[in-house]
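Input: a single structure, listed below in structure tokens.
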Amino acid sequence: MILGILSDTHDHLPLVRTAVRFMNAEGVDLVLHAGDFVSPFVIPELANLSMPVVGVFGNNDGDRALLLAKCAAAGNVEIRGYFAEIDADGFSVALSHGHETALLGALVRSNAFDAVVHGHTHEAGSYTAGETLVVNPGEACGYLTGHATAALLDTVARTARIVHL
């Protein structure tokens with residue numbers, strides 16, 4: 001299974017549209033969003049993905065009730081609070097924004113998940129900690145680093161790669 005991973009879209013609609021086109025062209029099976037959608041008007045753009053989207057709130061997400069309402073209207077986008085556990089065909093993923101660093105560290109050290117996916121730092125990268133693959137797709141918005149990025153995670157190969165949008 002191929003997972004598309006986004007984080008920190010921060011209302012940058014042109015780059016959200018680029019990310020949607022990229023994920024659709026790649027034919028990923030599921031998109032994970034590690035938070036900081038920011039405003040509800042991002043959700044209809046993500047609804048243009050041809051696959052389901054599972055996300056979590058970040059520290060900059062504003063009107064959470066309206067974000068959830070937009071998700072309900074979209075049909076293929078859901079936000080599961082501040083943490084989500086995803087079973088991707090037997091590959092377990094912990095999804096968190098990552099702004100609570102003690103929690104993020106505990107998730108990584110727990111060895112309870114095949115992968116821990118987070119955002120928040122806007123710095124793209126992946127590494128292994130024990131048997132756990134840790135993936136930060138960076139920032140889809142490109143605001144802080146000047147580079148709009150996402151990630152693709154192959155659950156069979158247990159690898160992730162950062163892609164530039």
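Descriptive notes on the structure:
- Building the convex hull from the alpha-carbon atoms of the chain and averaging its projection over directions returns 8.1 nm².
- Low-density loop cleavage sites - GluC sites (Glu not before Pro) in region 34-139, where at most 15 other Cβ are within 10 Å (DSSP): GLU123, GLU131
- In the chain the longest region clear of trypsin sites (Lys or Arg not before Pro) that are loop-assigned by DSSP and have at most 15 other C-beta atoms within 10 Å covers 1-79.
- Exposure proxy ranking, count of Cβ atoms within 10 Å, fewest first, for HIS12, HIS120: HIS12, HIS120
- Relative contact order (percent, whole number), the chain, Cα cutoff 8 Å, 6+ residue spacing: 24 percent
No value in this document is a laboratory result; all are computed from the given coordinates. For clarity, every value in this text was computed on a predicted model and none was experimentally measured. Note that each Cβ is placed from the backbone with ideal geometry, even for glycine, and that neighbours are counted across all protein chains shown.
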